[in-house]
Structures are given as C-alpha cells and as structure tokens.
Amino acid sequence: MHTPLLRRRHFNWTLLALVCWGFAAPVPASTVSVSNQRILVVGDSLSAEYGLARGTGWVALLQKQLAQEKPGVEVVNASISGDTTSGGRSRLPALLKKHQPSHVVIELGGNDALRGLPMALTQGNLLAMTQQSQAAGAKVLLLGMQMPPNYGPDMARQFEAAYVQVAQSQKAALVPFFLKGVGDDSEPLKWFQPDRIHPNEAAQPRLLANVWPVLKKQLP
C-alpha cells in the first residue's frame, strides 16, 4: 500500500528539482537582445527628411538596419530643418533629459557654414554638445561636414578640422564627411533635389552607409 505513495513522493521531488533547475538555468545567448539602447539624432534638414517622403530618410533607414542587426535599439530623430549648432546646443539638455540616450549622433554645422557664422562659434557648440552628451552617459558620434568651395580652401580646411579636433579631444567617434559619395560624386546633381542642397531619396542609402560602420562599432 505504501509503494505507490513513495513513488509519488519520489516523482514530486524529482519534478521540483527539475523546475528549480529550469528557473535557475541561464538564458541562451540567442534569445537575449540589446536593451536600454537609444540613439538620439540631433541634426538639421539632412536628417529631418526635408523634401522626402516620410520613412525614406537615412535615419529611418538606420532604424530598419538596427531592427535587422541590433534588435531592441531605438532611434529618436530630433532633427529640425534649418537648425544650426547654436540651435542644437540650446535644445540638447532637454532632449538628453527626456530621452536619456545611450548614444548621440550630432549632424550639425552645415547651416553654420551657409550662413557664414564664426568658425569658433561652430566648434565651440560642437564641443559643448559632445561634452553634455558624454556627461549624460552617452557615446557621441559626430558627422563631419564640409564648407562650400566658394569660401576658399583655407576656410574649408579649418571647418573640416573643427570636427576632427572636437572628436579627438573628447575621444568621440567621427564620420569625416557625412556627404561622402554624394556631395563629392563626379555627377553630384543626380544625388540632390532640384534645390541642389538637399540629397534626394536615392542618396539616403549612401548617407547611411557612411554612418553605419562607425556607429555599429559603438553598439554592444
């Protein structure tokens, strides 16, 4: 009479041991996705899909790329057409507080050049934005721009060097020329909208191709 009871007790202890082991066992690596990663993009019209259909800009393409290769990473696009480094600097503290990003991509400076703003102002703003982002615990990626050739070679070199100096001094990542393969193409007009300033939809994958290899290295 007691044998079935003993067997049941033995079964129950075995089942309990299996259940406890199962809860304590580590989760397979294949089921773990990247979490708590948020990329904040602070840019101007080049990142705000100016003149493009929604969802076709390089930032939207970045989100799709992340979904394939780094699932769980979110992108917040805080770009505003016409923005300058001064505008980005003034907006950044609130954006950092609201979104608490793990990464900040700064794509600003083109409008500074077009408006002929002082070089020291542009570089100072880029430096401040980089430092603010890092102080908030975010990794920074600067997207370098180049000055229009009509400003002369000396100004062009100084403008390009501003991004390099900020990136090196703060140990931030850098894409030397965000518009590489677009603005310096042998037939650049095919990559731009009729205004000859803003890249068209066909150019967006090229812009992402400039950013992604550098950004990917910063992600876990």
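The values are calculated or read from the model by the stated rules, or taken from the named source; none is laboratory data. Given the structure is predicted, the values throughout are model-derived calculations rather than measurements. Heads up, the Cβs are rebuilt from the backbone with ideal geometry, glycines too, and the neighbour counts pull from every protein chain shown.
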Name the single residue, out of those in the stretch 196-220 being over 22 Å from L66 (Cβ atoms) and at pLDDT below 95, that is surrounded by the most Cβ atoms within 10 Å (Cβ to Cβ).
-> I197
Quick one: G55 ticks every box in (1) buried (at least 23 other Cβ atoms within 10 Å of the Cβ); (2) out of contact with any Phe, Trp or Tyr (no Cβ under 9 Å at 6 or more places or on another chain) bar one, so which box is it?
-> (1)
If you go through the stretch 135-147 one residue at a time, do you hit one that is surrounded by fewer than 16 Cβ atoms within 10 Å (Cβ to Cβ) and over 16 Å from the mean Cα position of the chain (by Cα)?
-> yes
For residues in the stretch 39-54 being out of contact with any Leu (no Cβ under 7 Å at 6 or more places or on another chain) and outside any loop (DSSP other than H, G, I, E, B), which is nearest to G110 (Cα to Cα)?
-> V41
Per-region count, the stretch 55-79, residues outside any helix (DSSP H, G or I) and within 15 Å of the chain's Cα centre (by Cα) = 11
Would you mention how many residues in the stretch 15-68 are modelled with pLDDT under 50 and of a type in the set (G, A, S)?
-> 7
Just name the residue that is farthest from the chain's Cα centre (by Cα) out of those in the stretch 185-220 that are among the hydrophobic types (A, V, I, L, M, F, W, C) and part of a loop (DSSP other than H, G, I, E, B).
-> I197
The lone exception for A167 - which of (1) part of a helix (DSSP H, G or I); (2) closer than 29 Å to G51 by Cα; (3) hydrophobic (A, V, I, L, M, F, W, C) it fails = (2)
